[in-house]
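The block underneath contains the structure these notes are about, expressed in structure tokens.
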Amino acid sequence: MFKNDAKIIKMIVFIIILLFNKSLSFTLSMGGNTLKNVNTVRLDNQQYFRLKNQIMEALTLNEINVCGMLETPSKETFGDLDLLYCSDPEINMQKVVKDLFAPQEIVTNGDVISFDYTNFQVDLIKCKMNNK
């Protein structure tokens, strides 16, 4: 098995757990705050997917379970990137974001951490797991 195959399998398992495990529930709050101190840009398809892969790989290498939303196939440009994540409650995600991506601005709104990376807005949306 190749290294990338293991990552893909891990991501598929993570998504299956999120979607189908009846003992697992999660709440999802969308961020309403946008970055106010950074001028962000829109990215074309190629730039967007390259950046998405970079961010997901960096988070995965730091033991953050992350998955992306499905994009509309015909969409030509993107104004932000939304990623779902689950992590150990002991992990300080703001510190992880600062250390990995060195953003100019971070805005937290409930379970959403918004930040800039190469002048593009990224929203990390936390999935809360409850084993009730």
**OP:** Could you pull out the pairs from Lys36/Lys128; Lys52/Lys126; Lys75/Lys98; Lys75/Lys128 whose alpha carbons sit more than 24 Å apart here?
**Re:** Lys36/Lys128; Lys75/Lys98; Lys75/Lys128
Subject >> Neighbour-limited loop hits for GluC sites (Glu not before Pro), the stretch 35-132 (at most 16 other Cβ within 10 Å; DSSP other than H, G, I, E, B) >> reply: Glu63, Glu71, Glu76, Glu90, Glu105
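Read-outs throughout are calculated quantities, based only on the coordinates presented, and are distinct from any laboratory measurement. Everything numeric in this text was worked out from a predicted model, so none of it was measured. Cβ coordinates were reconstructed from backbone atoms using ideal geometry, including for glycine residues, and neighbour counts include every protein chain displayed.
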